[in-house]
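Participant: My questions all concern the structure below.
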Ligand code: HEM
């Protein structure tokens, strides 16, 4: 795992290291102080995400939010994202969708008792694949895109050898995937344009099409721009929720006293109502501390990558233009300079503390920070909190007979986001039988 190897190098050589990765000069930082330098002090000069070879082919030449270069176009679509697609009002308006999805999940889990369920698989299906879009074959496409974007590509480290991708067949594979993806988007956009539901319940695609129609801006959105943004939002915004919930449940099963405390809190708050309401969530301070602790120890995107647009001085070193600067958020979250007993799962450390993951506290940066910090925090938080609260309220959780916490395999698989290799299998006993 790159974040683990880079942490080992940091232990040996310090919190800032230089690596020549192929033809790419790379600097890695692993402390809160240097993360602040990168994501705050030099945020503007480091406001590019590296453009990956695969992203150029699949994300409409990097015209999505994540990969588009810093500049007027990125500012335009980021503004749309923050003010229109992920605004407080919009996130609020999705609350009934969240409640329905969580209710469906609870029903499915309840139906498995007294058997063992693969909870990871169930969470992934519910939270990472895009609901209504299933019928378009979107789930399979998204998986394919993730596999390709998260994979290793020679061109990302040896740009002068990009032609190798033609010889290895990678380029034609990308072209084929892109053609199928584009066809799928065409179908999706046409269906939305024809849909009469637009006024009643706008989804992401309707909103973008509306914006295109009414855009009086100098920079109107093209249809390809819309496709790139849709793909980006699903790619960046779905897997991460599932990964977080999967880790939360794993940590809770390994720490039964924490599980019990979190369950007690949610059951006392919700009482006999049986259904957790979003208005209950602010009372669940301990559960929120559990989520913070999980994001500290297991950030779904363990490395936050940036690229310099000009020469800068970092910690006295000259960092030339076009250097890749990686913030090892995983190592920062486990750095003993910032955290006491850093490898222990201890949600209590967040009780009575103001430390948050919204990009102000550089020792906790699962969502990155600064100009390119994740715009989806407000969207992700209620999904994760509501699902977790309801899971804790509705079931008593146990590992399958004959297994114990020591048997859980915590090995990770690296990709655009990092997830657990082995699924979490559990028995979920309905609490109110
Ligand atoms: C637990 C959930 C999530 C985590 C841990 C997460 C993490 C991250 C991280 C680390 C970045 C890079 C930040 C940087 O460079 O400073 C990022 C960027 C991004 N995220 Fe998230 N994210 C999550 C959920 C979401 C959701 C729900 C959405 C949208 C619905 C989303 C959309 C994006 C987009 C569009 C970017 C690119 C921003 C830009 O380049 O300007 N994310 N996310």
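Each reported figure results from applying straightforward, stated rules to the coordinates on display, with no laboratory input. Just so you know, these numbers come straight off a predicted model, no measurement behind them. Cβ: placed from backbone, ideal geometry, glycine included. Neighbour counts: every protein chain shown.
Participant: For each of 414, 395, count neighbouring Cβ atoms within 10 Å of the residue's Cβ, then give the residues from fewest to most.
Facilitator: Least crowded to most crowded, the residues run 414, 395.
Participant: Additional query: Pick from 384, 65, 268: which is most flexible by mean-square fluctuation in a GNM of the chain where alpha carbon atoms under 10 Å apart are linked?
Facilitator: Fluctuation is largest for 268.
Participant: What is the spread of the Cα atoms of the chain along each of their three principal axes, largest first, in whole Å?
Facilitator: 63, 60, 40
Participant: Hey, another quick one. Stretched out fully, how many nm does the piece from residue 403 to residue 309 gain, at 0.36 nm a residue minus the Cα gap?
Facilitator: Using 0.36 nm per residue and subtracting the Cα-Cα distance, I get 28.7 nm.
Participant: Please report 371, 288 as a ranked list, fewest other C-beta atoms within 10 angstrom at the top and most at the bottom.
Facilitator: Listed from fewest to most nearby Cβ atoms, that is 371, 288.
Participant: In which sequence would 259, 233 go, from the one with the fewest C-beta neighbours within 10 Å to the one with the most?
Facilitator: 259, 233
Participant: Need one word for segment 136-271: rounded, prolate or oblate. Basis is the Cα gyration tensor (sqrt eigenvalues a ≥ b ≥ c); a/c below 1.5 gives rounded, then a/b vs b/c decides.
Facilitator: oblate
Participant: Taking the DSSP beta bridges in the chain as the whole, what percent of them are antiparallel, to the nearest 5?
Facilitator: The antiparallel fraction comes to roughly 85 percent.
Participant: Moving to a separate point now. GNM, the chain, Cα, under 10 Å: largest mean-square fluctuation among 348, 315, 99?
Facilitator: Sorting by GNM fluctuation, first place goes to 315.
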